[in-house]
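Notes to accompany the following structure.
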Amino acid sequence: MPNTDPNCLFCKIVRKEIPADEVLRDEHVVAFRDLNPQAPTHVLVIPTEHAAHLSDFAQSANDAGAARLLSAAAEIGRRFGRDGYRVVMNEGPDGGQTVHHLHAHVLAGRHMTWPPG
Ligand code: 5GP
Ligand code: ZN
């Protein structure tokens, strides 16, 4: 598998070394339910290739991988959303990122407020 990090939590989910409640998997992405859901549906969509942050991914990803991350998020939003959904990517300390493998949060099943905290 190209570009995997042996110590990264989400790479371990990609490699199936730790369990996750998966809702979608293909060559480019894995999507699984967040352990600490913030909405009735809270799914994380991750690239199968390790990239710590969106900034790194924007440099390293090929077009197919980058497009798939977005289309998978939309697919999950449509599948689990009622009348819309929210997609969030946190980067760095100010963004509130805690796991350093890029992930899109897909939140659905309730009305979201703005601005986020
Ligand atoms: P971040 O704060 O980096 O944007 O989001 C990381 C997310 O990963 C959090 O919402 C957290 O609940 C979730 N998370 C952390 N560890 C695990 C895990 O081992 N399994 C799953 N399914 N989610 C995790
Ligand atoms: Zn990783």
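Test Ala66 against the criterion of being without any contact (Cβ under 8 Å) to a residue 40 or more places away in the chain, surrounded by 13 or more Cβ atoms within 10 Å (Cβ to Cβ) and within 23 Å of Asp5 (Cβ to Cβ), and give yes or no. Steps first, please.
On the way: without any contact (Cβ under 8 Å) to a residue 40 or more places away in the chain: yes; surrounded by 13 or more Cβ atoms within 10 Å (Cβ to Cβ): yes; within 23 Å of Asp5 (Cβ to Cβ): yes.
Yes; evaluated as a whole, the condition is true for this residue.
Mind listing whichever residues of region 65-84 are within 11 Å of Val106 (Cα to Cα) and not in a helix (DSSP H, G or I)?
Gly81, Gly84 - these are the residues of region 65-84 that are within 11 Å of Val106 (Cα to Cα) and not in a helix (DSSP H, G or I).
Taking only region 98-109 into account, find how many residues are in a loop (DSSP other than H, G, I, E, B) and under 12 Å from the mean Cα position of the chain (by Cα).
Our first condition is that a residue be in a loop (DSSP other than H, G, I, E, B); within region 98-109, this holds for 98-103, 109.
With under 12 Å from the mean Cα position of the chain (by Cα) added as a condition, the list becomes 99-103.
Total satisfying the criteria: 5.
Mind checking which pairs have a first residue in region 21-39 that is under 25 Å from Asn3 (Cβ atoms) and in contact (Cβ under 8 Å) with a residue 24 or more places away in the chain and a second that is within 10 Å of ligand 1 (Cβ to nearest atom) and of a type in the set (Val, Ile, Thr), Cβ under 8 Å, 6 or more apart or different chains?
Val23/Val43; Val29/Ile46; Ala31/Val43; Ala31/Ile46; Asp34/Val43
Looking at (1) within 16 Å of ligand 2 (Cβ to nearest atom); (2) part of a loop (DSSP other than H, G, I, E, B); (3) over 17 Å from Thr4 (Cβ atoms), can you tell me which one Ser55 breaks?
Unmet for Ser55, out of (1) within 16 Å of ligand 2 (Cβ to nearest atom); (2) part of a loop (DSSP other than H, G, I, E, B); (3) over 17 Å from Thr4 (Cβ atoms): (2).
Among the residues of region 85-95, write down those that are hydrophobic (A, V, I, L, M, F, W, C) and not in a strand (DSSP E or B). Steps first, answer last, please.
Kept after step one, since they are hydrophobic (A, V, I, L, M, F, W, C), are these residues of region 85-95: 87-89.
Met89 - this is the single residue of region 85-95 that is hydrophobic (A, V, I, L, M, F, W, C) and not in a strand (DSSP E or B).
From Ile46, Ile13, Ile18, which residue is modelled with pLDDT of 95 or more and either closer than 15 Å to Met89 by Cα or aromatic (Phe, Trp, Tyr) (or both)?
Checking each option against the conditions leaves just Ile46.
Name the pairs: first residue in region 99-116 and on the phi > 0 side of the Ramachandran plot, second residue more than 10 Å from ligand 1 (Cβ to nearest atom), Cβ to Cβ under 6 Å, at least 6 apart or on different chains?
As it stands, the answer is Gly109/Ala39; Gly109/Pro40; Gly109/Thr41, since those pairs meet every condition given.
The values are calculated or read from the model by the stated rules, or taken from the named source; none is laboratory data. Here the structure is a predicted model, which is why all the values come from computation and not from measurement. Heads up, the Cβs are rebuilt from the backbone with ideal geometry, glycines too, and the neighbour counts pull from every protein chain shown.
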